[in-house]
1. Are there any pairs, at least 6 apart or on different chains, whose C-beta atoms fall under 6 Å, with the first in the range 44-67 and touching a residue at least 60 places away in the same chain (Cβ under 8 Å) and the second part of a helix (DSSP H, G or I) and open to solvent by 40 Å² or more (accessible area, probe 1.4 Å), and if so, which?
2. As an exercise: evaluate PRO75 against (1) part of a loop (DSSP other than H, G, I, E, B); (2) open to solvent by 50 Å² or more (accessible area, probe 1.4 Å) and give the number of the one condition it does not meet.
3. Taking the criterion of being open to solvent by 30 Å² or more (accessible area, probe 1.4 Å), closer than 30 Å to LEU177 by Cβ and assigned to a helix (DSSP H, G or I), would at least one residue in the range 5-14 satisfy it?
4. Could you please find all residues in the range 194-229 being small (Gly, Ala, Ser), more than 15 Å from ALA267 (Cβ to Cβ) and not in a loop (DSSP other than H, G, I, E, B)?
5. Quick one: is VAL181 under 23 Å from GLU266 (Cβ atoms) and either assigned to a helix (DSSP H, G or I) or among the aliphatic types (A, V, I, L, M) (or both)?
6. I'm checking my understanding of the structure. Among residues of the range 186-244 that are free of Cβ contacts under 8 Å to residues at least 40 places away in the same chain and among the hydroxyl-bearing types (Ser, Thr, Tyr), which one is surrounded by the most Cβ atoms within 10 Å (Cβ to Cβ)?
7. Here are some residues: LYS22, LYS17, LYS46. Which one is open to solvent by 40 Å² or more (accessible area, probe 1.4 Å) and within 34 Å of the chain's Cα centre (by Cα)?
8. Quick test of your reading of the structure: SER117 fulfils all but one of (1) under 12 Å from PRO75 (Cα atoms); (2) under 24 Å from the mean Cα position of the chain (by Cα); (3) of a type outside the set (A, V, I, L, M). Name the failing condition by number.
Amino acid sequence: MSTTPTEIANQIFSILKIANEKDDARTEEAMNGMLEFAFGHIHMLKGLGEKQRIASIWHLVELGGLPLIIDLLQPTHPAFSMGMTLMGMIFKDENLLSHKIGKRVFANKKFLPACESGMKMTNDGMMPLLVSQVLHNTMKTASSQQLKEISDFGTIVKQTVELLKSNPAGKDDWRLLFVTVDMLLLWETANAHKILDDNKHFSILMDLLKPSKRAIVEQHEPLLNRVLGTLFLWAMRSRHTKDEKLVAERKRLFSYVAKLKESVPEAFTLPDEVDGKKPPGPHQAATTVNICIGMDELSQGVEESAFPLHLTLKSRVKNWDAIEKDAEKKVRSPEFEKMYKDQKKMKEQAEQLKKGPVVDISSDESSDESSDEGSGGNKEKEGKEKMQKKKTKPLKQKGDDEDDDEVEKDDTVGESANEGHPMKVDETKDETLDAKAVMGVIQEATILKTQGTTYFRGEMYEDALEIYEDAVAVLAKVTQKNADVDGERAKLYGNCGECSLRLNRFEETVKFCDKSLACDATFFKSHFRKAKAYQAQGKTEDAVTEVKKVLNTDDTNKAAMKLLRDLRKKSVDDGEAKMKESN
């Protein structure tokens, strides 16, 4: 049998090609023999060291093996088990390689239909479990946007909830329960709220906490962790609801939590130490104990642990694109570099494999597929020079996070120029607080702003607005005139305006934007938000005035140009409508 990573990948690729060929003359015995040969090589792949396995898997992917593996995932395919096993090997470790491959998997239009089809086969107890495990492994390497796209595909979420409800693998088999609940948790952290709520995921999860069903959840701590974690996120975002049915569901949840506390009191008490160390708090880890304590506090209207725990849970989904870009900048180890440097040689072998017998190469090298996603930005101008249209380089500060989200979703205006420079305190005007004290106040407000941004990205706009206003109140400690404090206050009021805009409270949006501009007249995002608020109110002329102020500052801003076109079209349409009425 083949022994090197390259040989193993080559042989598996050859078998994949044969398995996907239509051959009516192929007997069951021949298929079984081929699968036995394939699993022998898969076993050898599994036995490789991590770096060698990575090299072999990437080599298989570059040969074109991934589409062939996905073709095997059709539940009726005779080599289905081979496809499932290989997918499990590919996503064995949650790392940068699995993310790169995950991108290709999601781009394949056959993958999600195959998963949806397999999850529907509830008459076969193991089939839904196997398919769900493959989808689950892939989802763990996905970005928030990819997770949302998966949730929107067909009946994937509905099938997941149905599997959770019926558990065809057997009432004592907790594996399918864990996989499906963790998938719901991933979608919850990725803000796929509407599709989850439409399928009443919270109600099915609560059923697992009923005394009659709770035994299996209590026996498996990882499952309890995921169930409570998902319900905690739902309880946090629904705590302002006025819907009577949801209020009743929340009461039901907290009654189950109270009974769980009676049954497993140790889960609601933070131990003094774990393995000789102080246990992590809610801001550090979403442990089962931290989730239980947070849920218990939430049931009593206390949110001391709830907010930091929410931030911890929401960080479950990694920003893979940022990780990938960061990895590209770092110097790789010699072993890693060896695996990825020789793309030309690997492509030559792929061509040779298509033409004739497998020809081994002396090294196990593969190529790196770097992510080349640009990070663009709008040109900006500073102070009076802005109004004179003097261009500067794009500047960006980490603090205005929710606005980055706005750019990604709505292609909204870019960062203000005053956000790009390091924060320096104007000591000459500090009559009440010294420079160090002012910096401390700004840092305190920044911490709150970061928390507010997390809630904004979670589409919890009421909570985000409340925290942003708290941050503004913190800045009120600085009574003297200070440029950096005014800049922070302008951004916070701007963030408040964005929250109000998302909540359709347009008059409030305008007021927040006016406060923002009073602090910093060059913060042109507030002009853009005012324009959108006026547009929503039907005040087209006022909206045009505001959006023109944005373009006077940055005449290349695509979002502003589009809004202006929309507003002018609305004016023309309204004018034509009035002419028709008068005639």
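1. Cβ pairs passing all conditions: LYS51/GLU335.
2. (2)
3. no
4. Correct list: SER203 only.
5. Against the criterion (under 23 Å from GLU266 (Cβ atoms) and either assigned to a helix (DSSP H, G or I) or among the aliphatic types (A, V, I, L, M) (or both)), VAL181 qualifies.
6. Among them, the one singled out is SER238.
7. Testing whether each residue is open to solvent by 40 Å² or more (accessible area, probe 1.4 Å) and within 34 Å of the chain's Cα centre (by Cα) leaves just LYS46.
8. Here SER117 meets the rest and fails (2).
The values are calculated or read from the model by the stated rules, or taken from the named source; none is laboratory data. None of these values were measured; they are calculated from a predicted model. So basically every Cβ, Gly included, is an ideal-geometry build from the backbone, and we count neighbours across all protein chains shown. Ligands, DNA and RNA are stripped out before the accessible areas are found, and what is left, the full protein with its side chains, is counted by its heavy atoms. Shrake-Rupley method; radii C 1.70, N 1.55, O 1.52, S 1.80 Å.
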